[in-house]
1. Looking only at region 44-72, count every residue that is among the small types (G, A, S) and either part of a strand (DSSP E or B) or surrounded by fewer than 18 Cβ atoms within 10 Å (Cβ to Cβ) (or both) and tell me the total.
2. Applying the selection to region 173-220, what residues are of a type in the set (G, A, S), within 28 Å of M151 (Cα to Cα) and either under 18 Å from the mean Cα position of the chain (by Cα) or open to solvent by less than 30 Å² (accessible area, probe 1.4 Å) (or both)?
3. Identify all residues within region 83-92 that are assigned to a loop (DSSP other than H, G, I, E, B) and either open to solvent by less than 30 Å² (accessible area, probe 1.4 Å) or among the aliphatic types (A, V, I, L, M) (or both); write none if there are none.
4. Report, by residue number, each residue of region 228-269 that is over 19 Å from F100 (Cα atoms), in a loop (DSSP other than H, G, I, E, B) and not hydroxyl-bearing (S, T, Y).
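The values are calculated or read from the model by the stated rules, or taken from the named source; none is laboratory data. The structure presented is a predicted model; accordingly, all values stated were derived computationally and were not measured. Here the Cβ positions follow ideal geometry from the backbone for every residue, glycine too, while neighbour counts run over all protein chains shown. Just so you know, the surface numbers come from the protein's heavy atoms only, side chains and all, with ligands and any DNA or RNA stripped out. Shrake-Rupley method; radii C 1.70, N 1.55, O 1.52, S 1.80 Å.
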Amino acid sequence: MIDTDQDPESPPLQAAAAAQPVLFLLPGSLGYGASLAALAASIREMAHVVPIRYPELGKILQGQDSVCDMAAAALEQISRVQPRGSVRLLGHSLGGAVAFEVATRLVASGRSVTFFGILDTSLMGERSSAWETLSRTVHRVRSNRVTASRMVCRAFAKAAVAIGREADLARMIDRRAKGQFSLTTFRLKQELQEVLRAKAYFRWLAEPKSTLPISAVLFRCKRKKMPQALGWDRAFTHVDVVPTAGTHTDLVMPPYLTMNLHLVQKALSQAYSPAELPDREGDCSRVPTSKSQPNRTSVQ
């Protein structure tokens, strides 16, 4: 309430949010963190943003370790928040894959998806070279995006998953923690969870996919020698490709968040029906016109 300057005597936030279109935000492998929370806060005047939660590490180790399992968890949350009507989805990185599985099930059940936004998810399955990975890591450390301790934790998690000992690592972490909070064990669990989710994403890429009879908007970072639609033109009847600032890892972080926010707002406002627009004319008017937008490419 402090953050939104809401008067304690005014209606609850839930009641105010109920009058807005709902936008389900599907995060990447890291989950819903500070950067996506900032994005959600920035567009809350246009939509009631609901972040989706994926199965956590314990459930992943018990077998809920696929993109389809994440989609099933997302569908349960969507049905609880919005049991009827058209659905709006915005997926970041891994979230783009989960959103596609969610949309596939929604369309099959007869529900419409009026907005499908993809924040730089690729269907091409490209992997960075060792030099690109090293360069990116050095840049992130120098810019304080990550710490050395986190990189060590990530290396342990990757090594454990590579040899199939992720469950053993999780048990070791729990034994060391002994029910008490430890920053190191917390980081190890987070990194192990992220590595397992990323592994699920690459498995999903190899699976066959149907073409959905809906349109999508791809917010695409600059990538060398990659197709314009990053493979999504095979998954939808129509794709709008919108170039964004920043890289895959920081397009929703300052300073790029401010630049890319207007692109998301513009695309989202175009998905509103005429009945939804009148109360949002002030919000949409703050979004730059198409003249100030990067070139948008339509892909059939």
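1. The number of residues fulfilling the criteria is 3.
2. Matches in region 173-220: A177, A198, A200.
3. Here is the first cut: in region 83-92, the ones assigned to a loop (DSSP other than H, G, I, E, B) are 83-86.
Scanning region 83-92 gives no hits.
4. Selection gives A245, G246, D250, L251, V252, M253, P254, P255.
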